Amino acid sequence: MQALKHAATRAEAPERSGWLKKTAAYLGSAGRGLAVEIGASAVSRHIGGL
């Protein structure tokens, strides 16, 4: 994601910069969502095993 953000700041075409920024934001939010799901699953398994 950092590489995409860096490329967006260096992109000469505004369309390309916008696309790179949107892609980095999407990947960042998808990664966060996945981490939350994994954490929730681990907690629920732990609690269910008590």
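The values are calculated or read from the model by the stated rules, or taken from the named source; none is laboratory data. As the structure is a computational prediction, the values presented were derived from the model and not from experiment. Cβ coordinates were reconstructed from backbone atoms using ideal geometry, including for glycine residues, and neighbour counts include every protein chain displayed. With ligands, DNA and RNA removed, areas are computed over all heavy atoms of the protein, side chains included. Shrake-Rupley method; radii C 1.70, N 1.55, O 1.52, S 1.80 Å.
Data overview
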{"quantity": "Degrees, to the nearest 10: 14-48 long Cα axis against longest axis of the chain", "calculated": "10 degrees"}
{"quantity": "Carbon/sulfur fraction of accessible area - the chain, other protein chains in place, 1.4 Å, %", "calculated": "62 percent"}
{"quantity": "Geometric extent, Cα atoms of segment 11-50 - Rg, Dmax (angstrom)", "calculated": "17.2, 57"}
{"quantity": "Contact order normalised by residue count of the chain, Cα under 8 Å, 6+ apart, percent", "calculated": "31 percent"}
{"quantity": "Distance (nanometres) between label positions extended 7 Å along Cα→Cβ at THR9 and VAL36", "calculated": "2.8 nm"}
{"quantity": "Computed helical MRE - 222 nm, the chain, DSSP H runs ≥ 4 contributing -39500 (n - 2.57), nearest 500", "calculated": "-30500 deg cm²/dmol"}
{"quantity": "Probe 1.4 Å, accessible area per residue of the chain, Å²", "calculated": "84 Å²"}
{"quantity": "Dipole magnitude (debye, nearest 20) for the chain, charges at Cβ of Lys, Arg, Asp, Glu", "calculated": "80 debye"}
